[in-house]
Amino acid sequence: MTGLFALCIYSLMCTLDPYTPDYQDQLKSPGVTLRPDVYGEKGLDISYNVSDNRTWTDLVHTLHDFLAGYSPAAQEDNINCTSETVFTQESFGAPNHTKFSCKFTTDMLQNCSGLVDPNFGFEEGKPCFIIKMNRIVRFLPSNKTAPRVDCAFLDQHKDVQPLQVEYYPPNGTFSLHYFPYYGKKAQPHYSNPLVAVKLLNVPRNTEVDIVCKILAEHVTYDNTHDPFEGKVEFKLKIQK
């Protein structure tokens, strides 16, 4: 009886595709994360004083540490991709029976790369934040148009100027050639594409709520049960 059970398990294992994750969340839309990420009692809550570098040094270090995985050396196993269309790979053409992954390097974030300004704008009160979409195997955010980030004050009052944002890469887009993602075994060197946002006119000494949404055909951001699906919200207070 034991032998028969073992044979059944063996037969089952032979039918499993090693390149398909054993467990996949039934997510239709990706979650969104923010760096630097500082959590308060009610979610992401970032506060610092431009005149006191002790209040923002750790935030800057968090960004440098996070972007270390996007250095040219860290990305050397990935390829340069220039097409603005989805990168469908039916075969395993990369070394060791894997699929190719596209490079994403820190310099693509330009003024928010930490290369031009090692303090990421925190010292001048125009901080950079990095937006990342979580991975979903074989997910396509859009068929033809690259998904893009759009940030705004959560409660836009008539007497407050709209949030001014610089986006990097330009237009705040995630190029379609980073999609679809085929899983860790198929793409062991895959790195999530990033978008950096530089906030230019956050009022001083006032706590504001900011929301950054992913605008794309197959991304939703109105799920009341998951506040991080398709968007990220955070509180920000810049003192002087």
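The values are calculated or read from the model by the stated rules, or taken from the named source; none is laboratory data. Just so it is clear, the structure is predicted and the values come from calculations on it, not from any experiment. Counting neighbours? That spans all protein chains shown, and the Cβs are built from the backbone with ideal geometry, glycine included. For accessibility, only protein heavy atoms count, side chains too; no ligands or nucleic acids. Shrake-Rupley method; radii C 1.70, N 1.55, O 1.52, S 1.80 Å.
Summary of values
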read-out: Unique residue being open to solvent by less than 50 Å² (accessible area, probe 1.4 Å), of a type in the set (Val, Ile, Thr), assigned to a strand (DSSP E or B) and at pLDDT 95 or above when the list is 86, 149; value: 149
read-out: Among the candidates 126, 184, 132, residue that is of a type outside the set (Ser, Thr, Tyr) and surrounded by fewer than 18 Cβ atoms within 10 Å (Cβ to Cβ); value: 184
read-out: Evaluation of residue 143 against (1) closer than 17 Å to residue 89 by Cα; (2) surrounded by 13 or more Cβ atoms within 10 Å (Cβ to Cβ) (one fails), failing number; value: (2)
read-out: Residues that are crowded, with 17+ Cβ neighbours inside 10 Å and either of a type in the set (Asp, Glu) or modelled with pLDDT under 95 (or both), drawn from the range 157-181; value: 166
read-out: First in the range 41-66 and in a helix (DSSP H, G or I), second anywhere and hydroxyl-bearing (Ser, Thr, Tyr) and surrounded by 11 or more Cβ atoms within 10 Å (Cβ to Cβ), Cβ under 7 Å, 6 or more apart; value: 55/48; 59/48
read-out: Filtered residue count, the range 62-96, keeping only those that are over 23 Å from residue 139 (Cβ atoms) and within 18 Å of the chain's Cα centre (by Cα); value: 8
read-out: Qualifying residue in the range 58-65 (condition: over 17 Å from residue 191 (Cβ atoms) and open to solvent by less than 20 Å² (accessible area, probe 1.4 Å)); value: yes
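Yes/no per residue for (1) touching a helix residue (DSSP H, G or I) at 6+ places or on another chain (Cβ under 7 Å); (2) open to solvent by 50 Å² or more (accessible area, probe 1.4 Å); (3) in contact (Cβ under 8 Å) with a residue 40 or more places away in the chain; (4) not in a strand (DSSP E or B):
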position: 122; (1), (2), (3), (4): yes, no, yes, yes
position: 210; (1), (2), (3), (4): no, no, yes, no
position: 214; (1), (2), (3), (4): no, no, yes, no
position: 219; (1), (2), (3), (4): no, no, yes, yes
